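Asks: For reference, the structure I am asking about is given below.
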């Protein structure tokens, strides 16, 4: 078929990027002079041309390679069937997906399965069939049903925050927490991120809880994100290293008791009294 007769699928969640994979595909098309795997498409209702279901990247590669036609399998199908084919083929073939691509793909397929009468309850946790719909969705990528549900939550983020997730400026788990906030609250979070940088899971969990309780304000978000996380100053000493600061006949229990006493003296405002202190210093 003429390439100009192909139209993209409406609300296509997968972006077409000129990444190394695309450039490799273009070179492959140039070498063979054709697209080996046919594009899957369906007729456009009341319009000329066909709607592409699977093969958007192949068509783009064909255009970049200078081809004017592409092989296609054209068959009539409803929206739900088309969405499931679209998602399954892309999840199965693409190795590098943005968080947003995966999130909207999972949500689109879940809604299509719901329309087809399959189980899509994200909250009850009850199994109606052998495999939950979310488990079936995650099979193609190895995600658990819980992880699929978390991905779907990302689709409730405002676009600037979802972009930050894609660019790894906002981590996945905190982003899931923030997805439960109202749009205005998410805008506040976005402004605070610009000012203070990243968001920890501890901070996002607190923000989510305050929103749930109706206590979240813009100033509260700033206060939470200004809070510095304490550094982990735990130091582990090997036995041989520790031993040289104590008499050779000291047992581990005796060493532990000396350390305990020194800690107590420090708390009481005294200077540390190490065994063999000169060597230590």
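Asks: Using a 10 Å cut-off on Cβ atoms, rank the peptides 191-198, 149-156 from the highest mean neighbour count down.
Replies: Highest to lowest by the protection proxy: 149-156, 191-198.
Asks: Using the number of other C-beta atoms within 10 angstrom as an exposure proxy, rank 24, 139 with the fewest first.
Replies: Fewest-to-most Cβ neighbours within 10 Å comes out as 24, 139.
Asks: Moving on. If we sort 63-71, 100-108, 40-48, 157-165 on the protection proxy, mean other Cβ atoms within 10 Å, highest first, what's the order?
Replies: In decreasing order of mean packing, 63-71, 100-108, 40-48, 157-165 become 100-108, 157-165, 63-71, 40-48.
Asks: R0 = 22 Å: FRET efficiency of residue 17 with residue 140, Cβ-based, nearest 0.05?
Replies: 0.60
Asks: Shape call for region 14-80 from the C-alpha gyration tensor, a ≥ b ≥ c root eigenvalues: rounded (a/c under 1.5), prolate (a/b greater than b/c) or oblate?
Replies: Prolate, because a/c is 1.5 or more and a/b exceeds b/c.
Asks: Take the Cα coordinates of region 1-113, assign each an equal point scatterer, and use the Debye formula without solvent to give log10 I(q)/I(0) at q = 0.09, 0.19 Å⁻¹.
Replies: -0.23, -1.02
Asks: Under the classification rounded if a/c is under 1.5, otherwise prolate if a/b is larger than b/c and oblate if not, where does region 48-119 fall, given a ≥ b ≥ c as square roots of the Cα gyration tensor eigenvalues?
Replies: Oblate, since a/c reaches 1.5 and b/c is not below a/b.
Asks: Another question about this same structure. Order these by the 10 Å Cβ neighbour count, fewest first: 227, 32, 52, 95.
Replies: 95, 32, 227, 52
Asks: Could you tell me the calculated FRET efficiency between residue 182 and residue 251, based on Cβ-Cβ distance and R0 = 51 angstrom, to the nearest 0.05?
Replies: Once the sixth-power term is evaluated, E becomes 0.25.
A short reminder: the numbers here are calculations on the coordinates, not readings from a lab. Just so we're clear, the structure is a prediction, and the values are computed from it rather than from any experiment. So basically every Cβ, Gly included, is an ideal-geometry build from the backbone, and we count neighbours across all protein chains shown.
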